[in-house]
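Every number here is computed from the coordinates shown, using simple stated rules; none is lab data. From a predicted model like this one, the values you see are computed outputs, not experimental measurements. All Cβ positions, even for glycine, are placed from backbone atoms using ideal geometry, and neighbour counts span all protein chains on display.
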Amino acid sequence: MKFLNDYRNSDGKIIIAGPCSVESEEQIKNVVDGLDLNTIKIFRGGIWKPRTKPGNFEGVGEPGLHWMKYAQDKGFAISTEVANKQHVENCLVNHKVDILWVGARTTVNPFTVQEIAESIQEYNKDTIVLIKNPVNPDIDLWVGAIERFENLGIKNIGLIFRGFSMHTVDKYRNKPLWKIAIEMKRRYPQYPMIVDPSHIGGDSEYLFEISQKAWDLNFDGLMVESHNNPKEALSDNAQQIEPEKVNSMIDLLTIKNKIGNGGLTEFREHIDELDNELMEILKQRFRITKEIGKWKRERDIPVLDLNRWNKIIQDKSSIGRTYGLDDEFIFKLFEVIHNESIKNQ
């Protein structure tokens, strides 16, 4: 029986690489031959690829598992995504796949997660299972998926962080709410946390910076999408890179925690995330105050309302005390916010 930790390289990291979708036997051979087995121990490939809309390439199905055997023969463990009992049976019974993962869209569905967990228990409960975070930032869904496997005695688990789909515009495809990944790592220190920079970034331009962030936060590894000809890839071509570039990127990453950074980076990252949330809330607040200003102008109402200001300070000071916040701090904080609101109006 092998565990995910058995696939760490000499730097102590778990690197998973391979194409978003398995497309042909030739493609698999080209990617496998280009990856550095000394650094990358696990080969990934999507076999079943249901898309948001029908009509697009949705994977080659079971024949692709035959082609992935080439990676096993070269010394890699092989991994793929499963979304139902038939997938699990094909992988574990018919093709001896080493590692399975549960995708983000599956993690949100407890019925499907339960079906997959029961299937793995039936066929081989010692199989390594990687569980991606759900599409939306709901930590309980992620925890619930883990518990469904654990409750069936399946504990050979790893976690994959691939960011979250958000309504707000961001330079990345999926917003990396690192605080959630950090919290999951705190709750489940026994399970390696793998970061998926390909799906977070959605563009190969961002792979290095996201991967370096994962190293700065002392996460356990990466899952990187790699294609021998990314421009011609049948799915997610913008976020894939050639295998030789994967090798080079891994070599360039700096493991800063080896030089005594400790957990300080995690604390700072958590603060940064909270600061970003504060700014997002302030942006929404000031947007509303501009609407208030417009409403007042149309009705010839003065911008400054001292009674309203006094009530704000009284109410917020009272609430602040319940949070252990100093009255003077609350006054200064809301004075700055109030002055900016007056300017906006």
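Could you tell me what percent of the DSSP beta bridges with both partners in segment 4-259 are antiparallel, to the nearest 5?
On the way: 1 of 30 bridges.
Antiparallel: roughly 5 percent of the beta bridges in segment 4-259.
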- Cα centroid of segment 216-253 to Cα centroid of segment 47-95, whole Å: 19 Å
- Query: Can you sort Ile210, Ile337, Ile146, Ile16 so the residue with the fewest Cβ neighbours within 10 Å comes first?
  - Reply: Ile337, Ile210, Ile146, Ile16
- Message: Report the gain in length on full extension from Asp170 to Gln86: 0.36 nm times residue separation, minus Cα-Cα distance, nm rounded to one decimal.
- Response: 26.6 nm
- Task: Would you please give the residues with an amide H less than 5 Å from that of Ile128, counting only those at least 5 places away or on a separate chain, with H modeled from the backbone geometry?
- Result: Leu100
- Message: Between Glu25 and Leu325, how high is the FRET efficiency from 1/(1 + (r/R0)^6) when r is the Cβ-Cβ distance and R₀ = 41 Å? Nearest 0.05.
- Response: 0.05
- Task: Springs between alpha-carbon atoms under 10 Å, Gaussian network over the chain: tell me which of Ile180, Ile292, Ile116 tops the mean-square fluctuations.
- Result: Ile292
- What's the FRET efficiency of Ile271 with Phe57 using the Cβ-Cβ distance as r and R₀ = 45 Å, to the nearest 0.05? 0.60
- Can you work out ³J(HN,Hα) from phi for every residue in segment 9-25, in order, using Karplus 6.51 cos²θ - 1.76 cosθ + 1.60 and θ = phi - 60°, giving whole Hz and x for Gly and Pro? 8, 5, 8, x, 10, 9, 10, 10, 8, x, x, 4, 10, 6, 10, 7, 5
- Note on the structure: The set of residues whose placed amide H lies less than 5 Å from the amide H of His227, leaving out same-chain residues fewer than 5 positions away, is Ile241, Glu242
- Item | Prolate/oblate/rounded call for segment 4-259, Cα gyration tensor, a/c under 1.5 rounded | rounded
- What ³J(HN,Hα) values, in whole Hz, does the Karplus curve 6.51 cos²θ - 1.76 cosθ + 1.60 give for segment 273-281 when θ = phi - 60°, with x put for Gly and Pro? 5, 5, 4, 5, 5, 4, 5, 5, 5
- Item | GNM flexibility winner over the chain from Phe43, Phe76, Phe267 (Cα, springs under 10 Å) | Phe267
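Which of the three applies to segment 46-158, rounded, prolate or oblate, going by the alpha-carbon gyration tensor with a ≥ b ≥ c and a/c under 1.5 meaning rounded? Write down the numbers at each step before the final one.
On the way: a/c = 1.87, a/b = 1.21, b/c = 1.55.
It is oblate, given that a/c is not under 1.5 and a/b is not larger than b/c.
Just check segment 264-344 against the gyration tensor rule for me: Cα atoms, a ≥ b ≥ c as the square roots of the eigenvalues, rounded for a/c under 1.5, and otherwise prolate or oblate depending on whether a/b exceeds b/c. Walk me through the numbers on the way to the answer.
On the way: a/c = 3.44, a/b = 1.55, b/c = 2.22.
It is oblate, given that a/c is not under 1.5 and a/b is not larger than b/c.
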- Val336 paired with Phe111, simple spin-label distance in nm, labels 7 Å along Cα-to-beta-carbon: 5.0 nm
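Based on DSSP H runs of at least 4 residues, each adding -39500 (n - 2.57), what is the mean residue ellipticity at 222 nm of the chain after dividing by all its residues, to the nearest 500 deg cm²/dmol?
Details: 13 runs with 162 residues, N = 345.
The per-residue figure over the chain is -14500 deg cm²/dmol.
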- Message: Please rank Met279, Met166, Met193, fewest neighbouring Cβ atoms within 10 Å first, as an exposure proxy.
- Response: Met279, Met166, Met193
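Return Thr127, Thr80 ranked ascending by Cβ neighbour count within 10 Å, so the fewest neighbours appear first. Intermediate values should be presented prior to the final figure.
Working: Thr127 19, Thr80 25.
So the residues, fewest neighbours to most, are Thr127, Thr80.
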- Among Leu325, Leu152, Leu37, residue whose mean-square fluctuation peaks in a GNM of the chain (springs only between Cα atoms under 10 Å): Leu325
